[in-house]
Amino acid sequence: MPEPIEEAPLPDLREEAHRVLQSANEEGLTLRAIGGLAVAIRCPSAAHPPLAREYKDLDVVGLSSERKQIDSFLARLGYTPNEEFNLLHGHQRLLHYDRFNGRQLDTFLDHFQMCHTLELKDRLALDELTLTPADLLLSKLQVVETNERDLKDMLALLLDAEIDATRIARVCADDWGWWRTATEVLDKVRAYAEHEDVQPDAVRTRLEELRARLDEEPKSLRWRARAKVGDRVRWYELPEENE
């Protein structure tokens, strides 16, 4: 039998995000927000122009070991599962719908994969409600075809959050492809901040500090071997190939 709905999803997406995340914590489930809404939860700058933007859906990260509990939990909160998708992809991702408000809820399990793979299984307990600022930034830095929403989110993180540069440096030092994409995206963030006049001096300083940390981190043998090949071979996946 389907789980009885305890309370329908709230119309206001930010309020709904807090409801889902806090309820998960109360039940002992490990769910953390990722994406633009997670940035909005953490960063005051994301609520005001020029960095304010709209949010359509809630994305979260959980543990594959809690998959069944997550599915049951979301059903009680008023979410309808995409049963076919979850059957095929449930080892790494779950998809649910908020039929009341016409929204979608993605649950990524253990890792987040777009153009690269961000391992998160051992990172979810480090902070409450959302991923850490460093992991939120990494989730954006791995996207080759960066859009304006991503650029705004990354600027909000750079301006408002304490970012663990060592975490970012170690991810990039282990994989040349990650490093190649991340450094290119950081250049886009800097250009966007200057073009939109979003505290360009402060952003430039923080980007220079982060880039210096990436440069000084010792690179793995795998990184150095792949660096010799360089751009002659594509170093990233396209997001649609991950579906």
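The values are calculated or read from the model by the stated rules, or taken from the named source; none is laboratory data. Everything quoted here is computed from the prediction, not taken from an experiment. Note that we place each Cβ from the backbone using ideal geometry, even for glycine, and neighbour counts take in every protein chain shown. Each accessible area value is taken on the protein alone, full model and side chains, heavy atoms only, with ligands, DNA and RNA left out. Shrake-Rupley method; radii C 1.70, N 1.55, O 1.52, S 1.80 Å.
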Those strands (runs of 3 or more DSSP E) lying entirely in the range 1-109 with at least 3 residues closer than 24 Å to ASP127 by Cβ, touching a Pro at 6+ places or on another chain (Cβ under 8 Å) and modelled with pLDDT of 95 or more: none
Count of residues meeting criterion [buried (at least 23 other Cβ atoms within 10 Å of the Cβ) and closer than 15 Å to LYS188 by Cβ] in the range 105-137: 1
Matching residues in the range 174-199 - criterion: being over 19 Å from the mean Cα position of the chain (by Cα) and either open to solvent by less than 60 Å² (accessible area, probe 1.4 Å) or among the aliphatic types (A, V, I, L, M) (or both): TRP176, ALA191, TYR192, ALA193, VAL198
Residue match in the range 213-236 (condition: loosely packed, with under 14 Cβ neighbours inside 10 Å and closer than 27 Å to LEU51 by Cβ): no
Within the range 9-46, tally of residues that are open to solvent by 50 Å² or more (accessible area, probe 1.4 Å), more than 25 Å from SER72 (Cβ to Cβ) and not charged (D, E, K, R): 1
Enumerated helices (runs of 4 or more DSSP H) restricted to the range 162-240, each holding at least 1 residues that are in contact with an Asp or Glu (Cβ under 6 Å, 6 or more places away or on another chain), free of Cβ contacts under 8 Å to residues at least 60 places away in the same chain and aliphatic (A, V, I, L, M): 165-174
Conditions (1) at pLDDT 95 or above; (2) open to solvent by 30 Å² or more (accessible area, probe 1.4 Å): number failed by LEU210: (2)
Evaluation of THR166 against (1) open to solvent by 20 Å² or more (accessible area, probe 1.4 Å); (2) of a type in the set (S, T, N, Q); (3) closer than 26 Å to HIS48 by Cα (one fails), failing number: (3)
